[in-house]
1. Between ARG674 and TRP651, what length in nm is gained on full extension when 0.36 nm per residue of separation is reduced by their alpha carbon distance?
2. Treat each spin label as a single point 7 Å out from the Cα along the C-beta direction, and report the GLU328 to ARG166 distance in nm.
3. Would you calculate a helix-derived [θ] at 222 nm for the chain, using -39,500 (n - 2.57) for each DSSP H run of n ≥ 4 and dividing by the full residue count, to the nearest 500?
4. What is the dipole size for the chain, taken about its Cα centre, with +1 at each Lys and Arg Cβ and -1 at each Asp and Glu Cβ, in debye to the nearest 20?
5. Does a label point 7 Å from the Cα of ASP544, set along Cα-to-beta-carbon, have any residues of segment 567-591 with amide nitrogen under 20 Å, and which are they?
6. Could you work out the relative contact order of segment 109-257, using alpha carbon pairs under 8 angstrom and six or more residues apart, expressed as a whole percent?
7. What FRET efficiency, computed as 1/(1 + (r/R0)^6) with R0 = 22 Å and r the Cβ-Cβ distance, is obtained for GLN464 and ARG632, rounded to the nearest 0.05?
8. Of all the accessible heavy-atom surface of the chain, with the other protein chains kept in place and a 1.4 Å probe, what percent is carbon and sulfur?
Amino acid sequence: MSPAATAPTSRLRSTSKTAGAAITLEPDPRIETPGEGLVSRSAVVRRLTTATGGKLAVIVAPPGYGKSSLLREWSRCDQRRFLWLALPDRDSHDRGLDVTATAVRAAVRSLRSEARKFVLALDDAHLVAPGVLRLVVDVTMEEVAGGSTIALASRTEPMLPLGRWRANRQLVEVRVDDLVMTPAEASILLRRAGLELGSAAVQALVRRTEGWPAALYLAALSMRDQADAAEAVSDLRGDDHRLAEYFRDEVLPGLSANQMNFAVRTSVLDELSAPVCDAVLDCQGSGRTLTELERCSALLRPLDRAHGRYRWHGLFRHALEFEMCRSEPDLPRALHLRASSWYHDRGDSDQAISHAVRAHDPDVAGDLLCADIVAYVSQGRNDIVQRWLAWFSQEELAGHAPLAISAAYSFLAAGDLARARHCTVAAAAAMERWPNDPRRASLAPGLAAIEAMVAPSGVAGMAQAAASACDIEPRDSPWRPIHLFLHGTALHLSGDQAAAEALLGEAADLSAATAPIVSSLCLAQAAMIAIERRDWDAAADLTDRAESTIEQHGNAECPLSALACAACAAVRAHHGRADEAKRDLRRGINLLAALGDFIPWYGAEARMLLARASLGLADVVGARTLLAEASRLSRRVPGAVIFEPWFDDAWSYLDTLAETSLAGPSSLTIAELRVLRFLPSHRSFREIAIQLGVSANTVKTQAHAVYRKLGAASRSEAVARGSDAGLLGQ
């Protein structure tokens with residue numbers, strides 16, 4: 001403990017009175033012992049104790065960020081005299097409590113006579129009348145010598161000329177960002193509150209609370225008795241009763257009625273600015289209110305350097321939303337629809353759709369989403385579409401044609417073929433129910449694209465649907481590249497390579513900038529044609545372009561990129577680029593797993609390409625598995641003639657490889673094959689013998705016969721050669 005904390009206190013008390021008011025300098029009795037359960041903020045304290053050039057230190061943060069605790073910890077660590085300033089609060093009139101400059105100077109000079117360097121701390125500065133605070137700080141800044149500091153802790157921005165002192169390097173600032181808890185600090189606080197969480201859960205809770213110490217502590221109280229505290233982290237919201245009570249008791253009383261009304265209504269917005277707040281609240285002057293609220297509460301966080309855009313602290317926003325839903329349950333929907341309209345007028349599709357979804361309006365959401373669904377899916381943003389769709393029930397999705405078409409396309413891209421088909425049928429039925437709907441013409445292309453992609457009637461139906469859509473669709477339609485791709489693919493599946501290449505090339509060019517996934521699919525399909533012609537140089541150029549398109553737009557993890565990855569793997573394996581081919585092979589297999597069976601022709605093509613890559617990498621077992629899956633899917637594509645030559649080539653190659661691998665003095669007997677199947681395990685010959693019910697010598701003899709016939713010198717080499725020959729499973 002520092003000398004300041006233990007020094008005699010009788011001589012350090014100083015009081016000056018004017019007009020019945022007083023300023024008092026005295027030691028704080030609380031500094032003798034730290035508060036139980038408090039977490040040290042050593043990094044911030046170190047900055048305060050070493051910033052001797054700063055004559056004024058301001059600590060500004062909402063309640064619960066540990067301002068008072070920080071002052072007390074600072075007082076224990078600083079070698080300077082540390083005293084506390086008591087001033088009249090703002091409930092008194094400035095005129096009656098106007099402490100004169102003479103009185104302030106007398107108090108400060110009295111302190112200077114006792115201590116050459118000191119820290120003069122004023123906690124809860126927001127309670128002091130602004131005029132009194134300004135006078136005291138101005139006079140004190142004039143009187144204190146170098147090395148001394150006046151420190152203010154306040155819930156609101158003090159009405160002081162901080163800009164001037166900041167420019168003169170006389171100001172030390174501690175803000176919310178300095179007081180948020182790190183995961184390490186939060187872990188200590190939670191543990192002391194009786195909650196044990198793993199590292200990942202602690203980090204998630206810190207993100208959820210944005211490091212707010214009081215929120216972390218109250219969350220610990222709420223979660224420590226729950227069966228699965230880690231799972232409860234994701235469910236934590238500002239409407240938790242402990243957090244809601246804290247907001248009502250500590251945060252909301254600092255707002256005026258008008259500010260409270262503004263805060264509650266703007267809680268529907270992710271981002272606050274004067275124009276959007278004016279539009280959503282149907283008022284004027286929101287910019288002034290935002291400036292006032294920023295000064296009143298740091299829970300309104302600026303998002304730009306100009307302080308023109310803001311956001312509410314996440315948990316506080318939840319509490320405000322809950323309050324609005326409880327007091328005015330019909331208001332959120334109206335506010336969200338106003339916000340959706342405002343963002344739509346400004347071309348912000350994300351926010352426009354998001355607010356329509358949160359208004360739970362399937363008509364508005366469906367119209368907005370359907371207009372941009374091609375862009376969302378083909379630019380690798382289907383995850384956000386899936387989150388929006390989750391707000392609606394299956395009946396709501398099916399009951400509104402634009403929403404149903406959007407859902408069908410999104411589910412198709414996610415590999416959920418069953419739900420995609422259900423939504424497609426529902427969309428068609430909804431359009432039939434409303435034959436005079438003016439939206440009917442704009443919805444038809446989307447429905448045609450989905451029907452062509454699923455190809456329920458085979459390749460002929462796929463080609464016809466896509467061709468018809470191409471004929472009626474405007475050249476600048478976002479659906480046109482998809483129709484061209486599907487038409488080109490259908491022609492390729494039916495064996496017309498030349499016509500297919502022309503359409504795929506046009507589609508790739510049209511979609512390069514606006515629909516990169518569609519462009520990569522066109523390039524992969526064209527590469528497949530080049531492989532069939534044995535034009536490996538052209539195939540390499542096409543797959544390199546496909547990969548570049550995928551990487552450039554961040555679509556490497558999009559399941560629809562599986563076909564392009566498969567084509568890259570096949571071409572690179574052929575050219576001996578083994579490391580790249582293995583990487584593409586693994587990625588393609590993983591992406592196909594995410595898609596499941598998906599569309600049969602797509603799954604068959606991708607697996608045939610991956611099988612060719614596996615053969616080029618000497619993975620015979622993997623090739624056999626992929627070919628079997630491709631064969632199963634190809635039987636569900638009536639009219640596709642390209643698959644048979646691919647299968648013939650692959651199986652022929654596998655048969656030749658197996659014959660070559662088994663060439664030797666004699667073929668393996670059934671008994672020897674049985675022993676071979678045990679060799680990949682770690683069992684000894686004796687253990688294998690017990691399993692087979694024969695003697696250990698018999699197993700040893702048969703194993704050596706296997707080595708000899710496979711041309712292997714060891715057990716591991718025999719396993720490798722048997723795997724290459726396709727005699728062993730995975």
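1. Gain on stretching ARG674 to TRP651: 5.9 nm.
2. Inter-label distance under the simple model: 3.4 nm.
3. Calculated mean residue ellipticity at 222 nm is -19000 deg cm²/dmol.
4. 3020 debye
5. It comes to 567-585, nothing else.
6. Averaging sequence separation for qualifying contacts and normalising by length gives 16 percent for segment 109-257.
7. 0.30
8. 51 percent
The values are calculated or read from the model by the stated rules, or taken from the named source; none is laboratory data. All of these numbers come straight from a predicted model, not from anything done at the bench. Virtual Cβ from ideal backbone geometry, glycine too; neighbours counted across all protein chains shown. Note: accessible area is taken over every heavy atom of the protein model, side chains too, but ligands, DNA and RNA are not part of it. Shrake-Rupley method; radii C 1.70, N 1.55, O 1.52, S 1.80 Å.
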